[in-house]
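J.: Here it is: the structure, laid out below.
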Amino acid sequence: NLVGLDVSSDTLLKNLSGGQKTRVAIAQVLAQDPEPTVLLLDEPTNNLDSEGLVWLESFVTRFKGAVLFVSHDRQFINAVATKVIKLKDGATKQYGGNYDFYKEQKEVEHQAALEKYQKSQDEKRRLKKAMIAQQENSKHVHEHIKRKDNDKFARDFFKNRVSVKLGQQAKNLETRLEKLDNIERPQFDKNYGFSLEGITHSSKLLVEVRDIDKAYGKSSILSGVNFEIRGNTHTHIKGLNGSGKSTLLRLIAGQVKPDAGDIVYGGDVTIGYFSQDTDGIDYDLTALDNLANLSSQEDIYRQARSLGLNAESLQKMPRELSRGQQSKLAFTKLLLANHDLLILDEPTNHLDIPTKEQLEKALQGYQGAILVASHDVYFLQQLKINMTLLIKNGKVTKS
């Protein structure tokens, strides 16, 4: 009851959804005696649907002990975090507040560091000019200093005194320059940027779904579904895990056929499909060969690099890549194409936050239509969704 797991006690774990398995794992931890006062959560929002995410946020907020968690879910971080610890190059730095506050503080830090660096460069230029002037002055003194009485000993003594004084000044200038050399230029996260090609007239019919039914065995998934997608609308497919979201997307993408009804496409409509299972990747080819026929090699490397896939990664077989890298490879295939409609099934799963933000910028500038299933609230907010289709009990309603 504590974790809201509404299943029979004799249900096998393998038959549970990802979200239900997460609740079982937390219940297992809480059942310890004594009950823990600290929870360590590693990507706890993975595989949770919208209902599960609401429950988890509430649970973590109400937990009386301390919670240390790793997550790429910015909405979840905003909802529950009171501190953010950034881990980079083996070092940590702590910030107060949630993700949005951390992001603002990082920008303030960066601007301050950049201003400090720019001032150091101005000071270095001034000191180098002063050193040149000092060297010229020292040379002039040694070449032109004379005593009226031609006292060689006094002249040399005076020259030495001047040399010591000028030498100390030069040493002081060099010391100040060395200190300024220690002020490094602030490191920018490499942002190569990318864009998604594709543009659609605002009234053009892209897809019309007509009375489709779909079942697996005796289990009905979708029944009598009707809707259409036009122009450059951003449509969110919403529903609980197991409601049929992925099935509907696969039907529209032409990956499976409906048992009844029709899916009609507008003239010359091209569709790009991103599967959460990365179905579009050929695992018998290298990552680079998966992309070889899509564009020039220069463009392939540029687009792959924009998503964090370097040249070394592109030489590997897809099974040698991490799950996140496989997602980036699948997205690179979308980047290199020109589509009127993008179908995205949980596109931000397994992606790090910088890559998510890169993807959001590209999708914000994309002029075609988007049909997306996602539980990533923060991501959906950036897409500016203007139509929602809710799947419940096999039916689809528009809102």
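The values are calculated or read from the model by the stated rules, or taken from the named source; none is laboratory data. Small disclaimer: the values here were computed from a predicted structure and weren't measured. Because the Cβ atoms are built from the backbone with ideal geometry, glycine has one as well, and the counts that use them run over all protein chains shown. Side chains are part of the model used for accessible areas, which takes the heavy atoms of the whole protein and leaves out ligands, DNA and RNA. Shrake-Rupley method; radii C 1.70, N 1.55, O 1.52, S 1.80 Å.
J.: Within the range 23-37, is there a residue that is assigned to a strand (DSSP E or B), exposed (fewer than 14 other Cβ atoms within 10 Å of the Cβ), modelled with pLDDT of 90 or more and of a type outside the set (Lys, Arg)?
T.: Keep residues of the range 23-37 that are assigned to a strand (DSSP E or B), which gives none.
No: zero hits.
J.: Quick test of your reading of the structure: ASN290 fulfils all but one of (1) on the phi > 0 side of the Ramachandran plot; (2) in contact with an Asp or Glu (Cβ under 8 Å, 6 or more places away or on another chain). Name the failing condition by number.
T.: Every condition holds for ASN290 apart from (1).
J.: Could you please give the count of residues in the range 380-396 that are open to solvent by less than 80 Å² (accessible area, probe 1.4 Å) and either in a strand (DSSP E or B) or under 22 Å from THR332 (Cα atoms) (or both)?
T.: From the range 380-396, those open to solvent by less than 80 Å² (accessible area, probe 1.4 Å) are 380, 382-383, 385, 387-391, 394, 396; that's our starting set.
Checking the rest, the ones that are also either in a strand (DSSP E or B) or under 22 Å from THR332 (Cα atoms) (or both) come to 380, 382-383, 387-391, 396.
Total meeting the criteria: 9.
J.: Here's a follow-up. Given the condition closer than 30 Å to GLY267 by Cα, in contact with an Asp or Glu (Cβ under 8 Å, 6 or more places away or on another chain), open to solvent by 20 Å² or more (accessible area, probe 1.4 Å) and assigned to a loop (DSSP other than H, G, I, E, B), answer yes or no: does some residue in the range 361-379 qualify?
T.: No: the range 361-379 contains no residue that is closer than 30 Å to GLY267 by Cα, in contact with an Asp or Glu (Cβ under 8 Å, 6 or more places away or on another chain), open to solvent by 20 Å² or more (accessible area, probe 1.4 Å) and assigned to a loop (DSSP other than H, G, I, E, B).
J.: Right, next: Since GLU312 meets every condition but one in (1) surrounded by fewer than 19 Cβ atoms within 10 Å (Cβ to Cβ); (2) within 19 Å of the chain's Cα centre (by Cα); (3) over 16 Å from GLN276 (Cβ atoms), which condition does it not meet?
T.: With respect to (1) surrounded by fewer than 19 Cβ atoms within 10 Å (Cβ to Cβ); (2) within 19 Å of the chain's Cα centre (by Cα); (3) over 16 Å from GLN276 (Cβ atoms), GLU312 is out only on (2).
J.: Hey, could you check the range 9-22 for residues that are open to solvent by less than 80 Å² (accessible area, probe 1.4 Å) and modelled with pLDDT of 70 or more and say which is farthest from the chain's Cα centre (by Cα)?
T.: THR11
J.: Taking the range 54-70, which residues are open to solvent by 20 Å² or more (accessible area, probe 1.4 Å) and outside any strand (DSSP E or B)?
T.: Of the residues in the range 54-70, the ones open to solvent by 20 Å² or more (accessible area, probe 1.4 Å) are 54-55, 57-58, 61-70.
Listed by number, the residues that qualify are VAL54, TRP55, GLU57, SER58, THR61, ARG62, PHE63, LYS64, GLY65.
J.: Restricting the search to the range 335-354, which residues are surrounded by fewer than 21 Cβ atoms within 10 Å (Cβ to Cβ) and assigned to a helix (DSSP H, G or I)?
T.: ILE353, PRO354
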